[in-house]
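Student: Starting off with a structure, shown below.
Every number here is computed from the coordinates shown, using simple stated rules; none is lab data. Predicted, not measured: the structure shown is a model, and the values here were computed from it. Glycine gets a Cβ as well: all are built from the backbone with ideal geometry, and neighbour counts include every protein chain shown.
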Amino acid sequence: MNATDIFDANLENAITRYQSKLGLPITGKLDSGTLSEIMLPRCGVPDQPPEKLGAMQRFEYFTDRPRWDRSIPMTLTYAFSPSNFINYLSMQDIRGVFKRAFGHWAAVIPVTFVETNDYGFADIKIGFYSGDHGDGEAFDGVLGVLAHAFSPESGRFHLDSAETWAVDFKTEKSDVAVDLESVALHEIGHLLGLAHTSVKDAVMYPSLKPRQQKLDLKIDDIKGVQALYGSNPNFNFQAFSESDISSNDAVGFRIRITSEIWFILQLLVFILWL
């Protein structure tokens, strides 16, 4: 790829597509909102080309819409890597975070998630890794890419161990702390077959600010996953209200635009034109 600092038609088109994909105002320009979004920490799963299934649909799927191919209702097991972990959070706290995150998805689809100690045979394998960890998707240190998970039925769920992972912002005061439960909730969506959405409030939106929390599924998330697995018989859309979902204030994160911004944007052009 030949990187230049020329704002040409290709770059403008790439920016327009990026803005459209992420639900930003479509200006075709590097306005402050677009630059801020580009620089935010995010999930490492690549964005999928949007499907042409209706103007009101925002949720997306991986290519060919993979899902776990088991009879409904189904049970999926998950386990934590015994060798790829972090030691500054208690195992009890981490287990609680993931139990709650899996529980949100189980509440809306006929899928039960059960923790197991048998890591080798678990359907979903969770671990904290750094740098190049052998899956072709290297982590990049503090912020940047926070985590990634693979589409069904891979079951691989990797978090960047370089992040400051938090289970309670009252005790974790770091300005770059990342909410573990919010990221877990997002990545589980990928494990189930959901790609990224352009609905900013939805769990499956690709970026998350430091100290931001997204702890409840939105209608967009629910409709997307139910189209793959059906509805939990105990879930009632009529009783579900957006007003019942708690909103959490995000602490602002100051981004710095460096001299490398054009390199980042040219990478953006390259990715969007693949």
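Student: Past 24 Å, Cα to Cα: identify those pairs from 99/218; 125/200; 173/223, in the order given. List each step's numbers first, then the result.
Tutor: On the way: 99/218 19 Å; 125/200 28 Å; 173/223 35 Å.
In this structure, 125/200; 173/223 lie more than 24 Å apart at Cα.
Student: Please state the charge dipole magnitude for segment 53-253, taken about the Cα centre, from unit charges on C-beta atoms (+1 on K and R, -1 on D and E), reported in debye and rounded to the nearest 20. Could you put the intermediate results ahead of the total?
Tutor: On the way: 17 positive and 27 negative charges, 78 e Å.
Here segment 53-253 has a charge dipole of around 380 debye.
Student: Give or take rounding to whole Å, what are the principal axis extents of the alpha carbon atoms in segment 53-253, in descending order?
Tutor: In descending order, the Cα extents are 41, 40, 30 Å.
Student: Counting only DSSP beta bridges with both residues in segment 53-253, tell me the antiparallel percent, nearest 5.
Tutor: On the way: 4 of 20 bridges.
The antiparallel proportion sits near 20 percent.
Student: For segment 103-160, just the Cα atoms, rotate onto the principal axes and tell me the three extents in Å, largest first.
Tutor: 36, 25, 18
Student: What are the ³J(HN,Hα) values, in whole Hz, obtained from phi via the Karplus relation 6.51 cos²θ - 1.76 cosθ + 1.60 with θ = phi - 60°, for each residue of segment 210-220 in sequence order, with x given for Gly and Pro?
Tutor: Calculated HN-Hα couplings, in order: x, 6, 8, 10, 10, 10, 9, 5, 9, 4, 4 Hz.
Student: Next question. Residue 27 to residue 65: FRET efficiency via 1/(1 + (r/R0)^6), r the Cβ-Cβ distance, R0 45 Å, to the nearest 0.05?
Tutor: Details: r = 32 Å, r/R0 = 0.71.
Here the calculated transfer efficiency is 0.90.
Student: What is segment 53-253's relative contact order, in percent, from Cα pairs under 8 angstrom and six or more apart in sequence?
Tutor: Reported as a whole number, the value is 25 percent.
Student: Oh, and also: How far is it, in nm, from the label point at residue 171 to the one at residue 121 when both lie 7 Å from their Cα along the line to the Cβ?
Tutor: In this crude spin-label approximation the distance works out to 3.5 nm.
Student: So what are the ³J(HN,Hα) numbers for segment 172-179, from phi and the Karplus equation (6.51, -1.76, 1.60; θ = phi - 60°), rounded to whole Hz, Gly and Pro as x?
Tutor: For segment 172-179, the Karplus-derived couplings read 9, 9, 4, 5, 10, 5, 10, 6 Hz, x marking Gly and Pro.
Student: In segment 53-253, if the dipole is taken from +1 on Lys/Arg beta carbons and -1 on Asp/Glu beta carbons about the Cα centre, which of 202, 127, 139 is farthest to the positive end?
Tutor: In segment 53-253, that residue is 202.
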